[in-house]
Amino acid sequence: MDYLLLQVLNGVQLGLLMFLLAAGLTLTFGIMDLVNLAHGSLYMMGAYIAWMLIGWTDSFVLGALLALPATFLLGIVVEAIVMRRLYVRDHLEQVLATFGLILFFNELVRVIWGPAGKSIAVPAFLNRTVEILPGVPYPAYRFAIIVVGALVAILLAWLVARTRIGMLIRAGASNRRMIGALGVNIELLFTLVFGLGAVFAGLAGLMAAPITSVKIGMGDDILILAFVIIVIGGIGSIKGAFVAAMVVGQIDIVGRAFLPDFLKTFLSASAASSAAPAISQVLIYIVMAGVLVWRPTGLFGQRT
Amino acid sequence: MKSKLFGTATIAALAFGLPAMAQTPIKIGFVSTFSGPQAAIGEDMRRSVELAKEHLGGKMGGRPFEIIYEDDQFKPDVGKQKSEKLVQQDKVNVIAGYIWSNVLLASLKTVTDEGDTILISSNAGPSQIAGELCNKNFFSTSWNNDQTPMAMGQYLQEKGVKSLYLMAGNYAAGKDMLAGVKRTFKGEIKGEDLTKWPDQLDFSAELAKVGTAKPDGIFIFYPGAHGVQFLQQYVQAGLKGKIPLYQVFSIDAITLPQQKELALGTLGAQEWVNDLPNEQNKKYVADFKKKHGVYPSYYGAQSYDSIMLIASAAEALKGDLSNKDKVRAEMKKANFKSLRGGFKYNTNQFPIQNFYIQEAVKDPEGMMTVKTIATAVKDGKDPYYEKCPMK
């Protein structure tokens, strides 16, 4: 039972990280109708910028806090220079341009910080375990990720559901041309949304960094998962992204924690332990295919 | 203008014939990882190769030599491509390097069969090449993957450890490593995880399983950046002090600068340790430390040996590496002063050598390093050589 709880928490932690990444992606896709493959680059830049700032300030918390406005600025600059020109283009051209942006950022990092990977140490006050239940220790840093991720998710839900800007975001997601016709400054709204997405991606990147290390192309693999999440959740839906991220997080953990033992009941031990990682990688895509058959617009998708 | 110059040079080379050939440099290709999170390993190897070049005075058998480094980017397909380039375009005499078993397996045929070029593995030692895929053009200055974990397993068996939980990356070397430890460790295996390689760096689910299985020890194989992340997460999960960690290739001169005190006291196995008491090793370690301010690793020591092995053949043949049969025959003698204190080649051209148990400690200056605490295996042979058709 304790073991199950630990694995569920591991899934939640992974899911929340994925949600931060997917939230920005689903907003830009849903509201601006922009396919942004370079969203993973913002995740990477968040981690690199945090690594640099943590080195300068000698404090994880301070460095991480400073990295957030920095990634926001970066997002705004990228939007103003590149993305703004892509809104009127079709998806294929957006894919090409933002793919180019991935190559640009990977090369930029290589030029500025060199080809070797970097590692961010877990801050000392989190380098221990917390007892989530008496006698059940859980790594404090992962617990902190859950707390921060949950807070950001609540903040985002409040922002979208209760504020004026959230109202505009929702309006933009359902009918872009109409809110433009109503006199809303769409350009500013788009810039803000893109910047917001960049901050979330950067936050995910810097929180994942002490676990997965900082490296060139670190956002490219995880971006694919983020796309899977927004497709499962329904494009443009924050709620959908949250639910789908939680599902994907749990599936990943189930694949790693329980699948090998399950396979061992009818396969040899060595076959089971090498087949399990392969199957768990595929599992997420099977779920995505299943959801798309059942609901072609995703769990919470609104478009027909 | 350029082509005219080139033409003149060619005519000059033809006219002077042999003397010109004596001065053309021997070309050595070196494939390793020089970018990404594992670049620190490639850099350690490159530094050691350069040190070997310095110690040789830039010459082998009277001929100057040059090293052409290629970055495999930690990817089998790129490694194969770069190996192909070295053989076909640069026409190198020998290729050395290769950290990763999967990169080596992808590149092997291109070099040894299609290119008929000698390949010296400075690290990777997949079981296939030690056994049925053994090749007259393949030499190792490292080990077969199974051997180091076998030494660790034997030590734990003798120490009376009752049960182990095994973890490694899911690729050629990871599978060999776990097979190796199971050959000599006869206690209970409480669990076994092969994790996604190389993209999985988050071991939370697996560590939760370890905590529940309560084994006497965890055995891991996570080289380079993976070892750094694993150790941090092992400590964060509260397992340090409860379940001891035993490792191969996961705590070394590459990872210790980042693992620091977290690694203290952890045991591992290795065929070379920086404190092995032979003259050439003392000189190598001292010169390396003086130059770079850090300890070299076994990756570096094995790369140094690769260059010295080529040099030994070049010396014996007075710099003429054109007859490949002669070069192979010379190399097979392993007639050079290896940093691990000399070894002989087995029929599959893998070394017959000792393995030591090492412990992560602080040196007198406070720098993290490893020191030898026991000899686990004497003159060990890999378990596959009888499957190799070469005699």
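Output the number of the condition that B:V78 fails; it satisfies all remaining conditions of (1) of a type in the set (A, V, I, L, M, F, W, C); (2) modelled with pLDDT of 95 or more; (3) surrounded by 21 or more Cβ atoms within 10 Å (Cβ to Cβ).
Of the numbered conditions (1) of a type in the set (A, V, I, L, M, F, W, C); (2) modelled with pLDDT of 95 or more; (3) surrounded by 21 or more Cβ atoms within 10 Å (Cβ to Cβ), the odd one out for B:V78 is (3).
So which of A:V122, A:V160 ends up being touching a residue at least 24 places away in the same chain (Cβ under 8 Å) and within 14 Å of chain B (Cβ to nearest Cβ)?
A:V122
Restricting the search to the stretch B:58-86, which residues are out of contact with any strand residue (DSSP E or B) (no Cβ under 7 Å at 6 or more places or on another chain) and either of a type in the set (A, V, I, L, M) or within 18 Å of B:S35 (Cα to Cα) (or both)?
Correct list: B:D71, B:K75, B:P76, B:D77, B:V78, B:K80, B:Q81.
If you go through the stretch B:143-165 one residue at a time, do you hit one that is within 13 Å of another protein chain (Cβ to nearest Cβ), touching a Lys or Arg at 6+ places or on another chain (Cβ under 8 Å) and of a type outside the set (K, R)? Give the derivation first.
Step one: of the stretch B:143-165, the residues within 13 Å of another protein chain (Cβ to nearest Cβ) are B:165.
Pick out the ones that are also touching a Lys or Arg at 6+ places or on another chain (Cβ under 8 Å) and you get B:165.
The next check asks that each one be of a type outside the set (K, R); those that pass are B:165.
Yes, some residue in the stretch B:143-165 is within 13 Å of another protein chain (Cβ to nearest Cβ), touching a Lys or Arg at 6+ places or on another chain (Cβ under 8 Å) and of a type outside the set (K, R).
Exactly one condition in (1) within 11 Å of another protein chain (Cβ to nearest Cβ); (2) not in a helix (DSSP H, G or I) is not met by A:A278; state its number.
A:A278 satisfies every listed condition except (2).
With (1) within 14 Å of chain B (Cβ to nearest Cβ); (2) within 19 Å of A:A204 (Cβ to Cβ); (3) touching a Gly at 6+ places or on another chain (Cβ under 8 Å) as the list, and A:L9 as the residue in question, which single condition is left unmet?
Condition (3) is where A:L9 drops out.
Which ones in the stretch A:127-168 are among the aliphatic types (A, V, I, L, M) and more than 19 Å from the chain's Cα centre (by Cα)? Explain how you work it out, then say what you get.
Applying the first criterion (among the aliphatic types (A, V, I, L, M)) to the stretch A:127-168 yields A:130, A:132-133, A:136, A:140, A:144-148, A:150-157, A:159-161, A:165, A:167-168.
Matches in the stretch A:127-168: A:V130, A:I132, A:L133, A:V136, A:A140, A:A161, A:I165, A:M167, A:L168.
Take the residues in the stretch B:180-196 that are assigned to a strand (DSSP E or B) and surrounded by fewer than 19 Cβ atoms within 10 Å (Cβ to Cβ); name whichever of them is farthest from the chain's Cα centre (by Cα).
Among those that are assigned to a strand (DSSP E or B) and surrounded by fewer than 19 Cβ atoms within 10 Å (Cβ to Cβ), it is B:E188.
Filter the stretch B:235-256 down to the residues that are within 10 Å of another protein chain (Cβ to nearest Cβ) and part of a helix (DSSP H, G or I), then identify the one that is surrounded by the fewest Cβ atoms within 10 Å (Cβ to Cβ).
B:V235
Has the stretch B:326-342 got any residue that is part of a strand (DSSP E or B), at pLDDT 95 or above and among the aromatic types (F, W, Y)? Quick ask: steps written out before the conclusion?
Initial filter on the stretch B:326-342 (part of a strand (DSSP E or B)): none.
So far as the stretch B:326-342 goes, no, none of its residues is part of a strand (DSSP E or B), at pLDDT 95 or above and among the aromatic types (F, W, Y).
Please go through the stretch B:349-367 and give me each residue that is surrounded by fewer than 22 Cβ atoms within 10 Å (Cβ to Cβ) and either in contact (Cβ under 8 Å) with a residue 40 or more places away in the chain or touching a strand residue (DSSP E or B) at 6+ places or on another chain (Cβ under 9 Å) (or both), ordered by number.
B:I352, B:N354, B:E359, B:V361, B:K362, B:D363, B:M367
Do you know which residues across the stretch B:211-226 are buried (at least 24 other Cβ atoms within 10 Å of the Cβ) and either assigned to a helix (DSSP H, G or I) or not assigned by TED's automatic domain parsing to the domain that holds B:A179 (or both)?
Hits for the stretch B:211-226 are B:A225, B:H226.
So, B:K196, is that one within 10 Å of chain A (Cβ to nearest Cβ) and at pLDDT below 95 or not?
Working: within 10 Å of chain A (Cβ to nearest Cβ): yes; at pLDDT below 95: yes.
So B:K196 fits the description; yes.
Among residues belonging to the stretch B:279-322 that are under 20 Å from the mean Cα position of the chain (by Cα) and of a type in the set (S, T, N, Q), point out the one that is surrounded by the most Cβ atoms within 10 Å (Cβ to Cβ).
B:S303
Does A:V199 qualify as being farther than 27 Å from A:G63 by Cα and either crowded, with 21+ Cβ neighbours inside 10 Å or β-branched (V, I, T) (or both)?
no
Consider the stretch A:209-233. How many of its residues are within 8 Å of chain B (Cβ to nearest Cβ), assigned to a helix (DSSP H, G or I) and either closer than 12 Å to A:A245 by Cβ or of a type in the set (G, A, S) (or both)?
Of the residues in the stretch A:209-233, 0 are within 8 Å of chain B (Cβ to nearest Cβ), assigned to a helix (DSSP H, G or I) and either closer than 12 Å to A:A245 by Cβ or of a type in the set (G, A, S) (or both).
Scan the stretch A:98-114 residue by residue and report those that are more than 21 Å from the chain's Cα centre (by Cα) and either more than 22 Å from A:G63 (Cα to Cα) or more than 11 Å from chain B (Cβ to nearest Cβ) (or both).
Answer for the stretch A:98-114, where residues must be more than 21 Å from the chain's Cα centre (by Cα) and either more than 22 Å from A:G63 (Cα to Cα) or more than 11 Å from chain B (Cβ to nearest Cβ) (or both): A:E107, A:L108, A:V111, A:I112, A:W113.
Taking the stretch A:26-81 as the search range and keeping residues that are among the small types (G, A, S) and not in a helix (DSSP H, G or I), which one is nearest to the chain's Cα centre (by Cα)?
Taking the candidates together, the pick is A:A38.
Has the stretch A:255-268 got at least one residue that is within 11 Å of chain B (Cβ to nearest Cβ), surrounded by fewer than 18 Cβ atoms within 10 Å (Cβ to Cβ) and under 19 Å from A:F19 (Cα atoms)?
no
The values are calculated or read from the model by the stated rules, or taken from the named source; none is laboratory data. Here the structure is a predicted model, which is why all the values come from computation and not from measurement. Methodologically, a virtual Cβ is constructed for each residue, glycine included, from the backbone with ideal geometry; neighbour enumeration extends over all protein chains shown.
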